[in-house]
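Report on the structure given below.
The values are calculated or read from the model by the stated rules, or taken from the named source; none is laboratory data. Given the structure is predicted, the values throughout are model-derived calculations rather than measurements. With ideal geometry, Cβ positions are generated from the backbone for all residues, glycine too; neighbour counts draw on all protein chains shown.
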Amino acid sequence: MTPEKIIAVIEMYEERLRRTGILKIPMDPRRAFESLSRMERLQHAHFLCEGVKKYARDPQRQRKAGSHLTVVQMWDPGD
């Protein structure tokens, strides 16, 4: 996926999360993903969006952008 496509996709998710009122809150790094509530997962996904766009623009970090995009896609409500 090109950096431009990654950014376009993440902006779609970011807008959806914003429209549904999900805040941007990072998860506590001492917690496991499995222990997060649905709302905490969505808040963390929204928090990751900015980083995905930043990493997508950096050739050295595009793999990280893809990993974070995957997390956002897994946790997005899709409603």
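A few comments on the model shown:
- The residue that is nearest to W75 (Cα to Cα), counting only those in the range 29-38 that are modelled with pLDDT under 95 and either of a type outside the set (G, A, S) or under 10 Å from the mean Cα position of the chain (by Cα) (or both), is R38.
- A8 vs. criteria buried (at least 16 other Cβ atoms within 10 Å of the Cβ), part of a helix (DSSP H, G or I) and of a type outside the set (K, R): no
- Residue pairs whose Cβ atoms lie under 7 Å apart, sitting 6 or more positions apart in sequence or on different chains, and linking a residue in the range 17-38 that is surrounded by 10 or more Cβ atoms within 10 Å (Cβ to Cβ) to a partner that is among the aromatic types (F, W, Y) and not in a loop (DSSP other than H, G, I, E, B), are K24/F47; I25/F47; P26/F47.
- Count of the range 39-58 residues which are closer than 24 Å to T2 by Cβ, without any contact (Cβ under 8 Å) to a residue 24 or more places away in the chain and of a type outside the set (F, W, Y): 3
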